[in-house]
Amino acid sequence: MSKKRILTGIKATGEWMHIGNYFGMFRPLIENSKWRESFLMLADYHSLTSVHDPESLRKNKKRIICEFFALFPEDSEIIVFEQSQVQHINNMTWILSSVTPYSLMLRAHSFKDSQNKNSEINMATFNYPILMTADIISYDVDIVPVWKDQKQHLEFARDIAQNFNKTYKQEFFKLPEAHIEESVMTIPGIDGRKMSKSYNNFLWVFDDEKTLKKKIMSIPTGSEGLDDPKDPDNCTVFSLIQLFASSEKQSEIRQKYAAWGYGYGHAKLELLDLFVAYYAQARDKYEYYLENFHELEKKLNSWNSYANSIATKKFNSLIQIIGL
Ligand code: TRP
């Protein structure tokens with residue numbers, strides 16, 4: 001039996017990896033890559049819903065690719081590729097749109113949110129979930145790790161795949177499963193509310209130290225004094241500490257929360273140190289890859305052709321089935 005496949009994607013829109021994405025999506029991908037064939041796709045066509053400046057798009061793409069490689073472990077076998085290098089991806093999208101009900105698309109949160117923000121939206125924003133479906137089902141993907149805001153898109157992918165299978169009376173497309181790390185989804189943002197794009201309350205993995213410090217120092221806490229006991233399980237700072245600290249370190253900090261002479265300011269500095277140490281190596285690698293991007297381009301080219309070959313094979317069978 002062939003290895004199961006796992007795939008996820010990120011848009012190149014000028015937003016970078018935040019810790020929600022890192023722990024919710026990126027780390028599960030790395031963990032799964034040990035026993036599944038794993039793909040990480042840069043969704044550059046998807047970026048066109050909002051990025052119309054070629055220079056920014058190129059820059060964003062480069063930065064995100066460097067982030068990926070900076071965060072991979074040394075022995076990573078994750079296949080990174082660019083959506084736009086997959087020859088038939090938009091043909092696939094068109095064919096899928098012929099089995100996608102309009103009423104389904106009207107229910108998309110992403111589209112409704114954009115509609116609320118802008119007076120006019122483009123058709124790419126409207127069709128976004130169909131392209132995302134093509135991204136997934138062109139490779140017979142089993143599992144898609146995503147941040148919870150993508151949950152509905154995964155439901156759409158299943159619905160659309162199922163509609164196709166029903167229409168053409170065969171199990172041609174595999175139905176993908178979303179993988180959502182529930183434990184990570186409850187981690188608060190730096191304002192104490194749930195982490196969310198609309199609140200812009202993330203810590204970003206590659207934030208510089210000054211920005212990080214400012215953000216961490218601004219986290220709201222209780223008003224207990226230095227010598228009062230504090231409840232770590234009811235504290236945004238401690239919730240974040242748990243992401244980066246070993247279990248020994250966590251129990252050490254728990255004890256400090258109960259002891260004299262330890263205030264929230266101390267806990268915040270501890271969080272800052274843990275965060276910086278956690279990503280220290282990745283930061284160095286990131287700078288290195290920005291300078292030596294050609295090293296990555298070589299790998300990327302061969303992975304692009306690999307991804308393209310899988311999708312092309314699927315596409316060739318597809319056009320037989322539909323009678324083109
Ligand atoms: N829509 C995803 C996001 O905005 C990005 C994406 C595009 C994606 N294609 C995908 C994610 C396929 C998972 C699988 O974050």
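Every number here is computed from the coordinates shown, using simple stated rules; none is lab data. Since the structure is predicted, the reported quantities are computational estimates derived from the model, not experimental observations. Virtual Cβ from ideal backbone geometry, glycine too; neighbours counted across all protein chains shown.
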Kirkwood Rh over alpha-carbon pairs of the stretch 217-324 plugged into Stokes-Einstein at 10 °C, 1.306 mPa s gives a D in µm²/s of 87
Using label points projected 7 Å from each Cα along Cα→Cβ, tell me how many nm separate A259 and E77, to one decimal.
4.6
Phi-based couplings in Hz for the stretch 126-137 (Karplus 6.51, -1.76, 1.60; Gly and Pro marked x):
5, 8, 2, x, 6, 4, 5, 4, 4, 3, 8, 7
If I model the stretch 207-278 as equal point scatterers sitting on the Cα atoms and use the Debye formula, what is log10 I(q)/I(0) at q = 0.15, 0.16, 0.21, 0.26 Å⁻¹?
-0.44, -0.51, -0.87, -1.27
GNM top mover of I121, I137, I79 - the chain, alpha-carbon springs below 10 Å:
I121
When the Kirkwood radius is taken over all Cα pairs of the stretch 95-154, what Stokes-Einstein diffusion coefficient follows at 20 °C and 1.002 mPa s, in µm²/s?
171
Over all directions, the stretch 189-233 yields a Cα convex hull whose mean projected area in nm² is 4.1
Treating the Cα atoms of the stretch 84-236 as identical point scatterers in vacuum, please give the log10 of the normalised Debye intensity I(q)/I(0) at q = 0.12, 0.14 Å⁻¹, two decimals.
-0.69, -0.84
Per residue of the stretch 166-180, in order, report the coupling 6.51 cos²θ - 1.76 cosθ + 1.60 (Karplus, θ = phi - 60°) as ³J(HN,Hα) in whole Hz, putting x for Gly and Pro.
5, 4, 9, 6, 7, 7, 7, 9, 6, 8, x, 9, 7, 10, 10
Considering the chain as a Gaussian network with a 10 Å cut-off on Cα pairs, which listed residue, P54, P176, P220, attains the greatest mean-square fluctuation?
P54
What is the list of residues in the stretch 306-324 whose amide nitrogen lies under 14 Å from a point 7 angstrom out from the Cα of K174, following Cα to Cβ?
310-311, 314
Per GNM of the chain with C-alpha springs under 10 angstrom, the most fluctuating residue out of K11, K148, K169 is K169
Report the Rg/Rh value for the stretch 1-120, based on alpha-carbon coordinates and the Kirkwood definition of Rh.
1.00
Above-threshold pairs, the threshold being 19 Å between Cα atoms, out of K148/K314; K148/K210; K112/K151; K166/K313; K4/K314; K61/K298:
K148/K314; K148/K210; K166/K313
Least to most buried among I143, I136, I64 (fewest other Cβ within 10 Å first):
I143, I64, I136
Give me the base-10 log of I(q)/I(0) for the chain at each q in 0.09, 0.11 Å⁻¹, Debye formula, one uniform scatterer per Cα, rounded to two decimals.
-0.53, -0.76
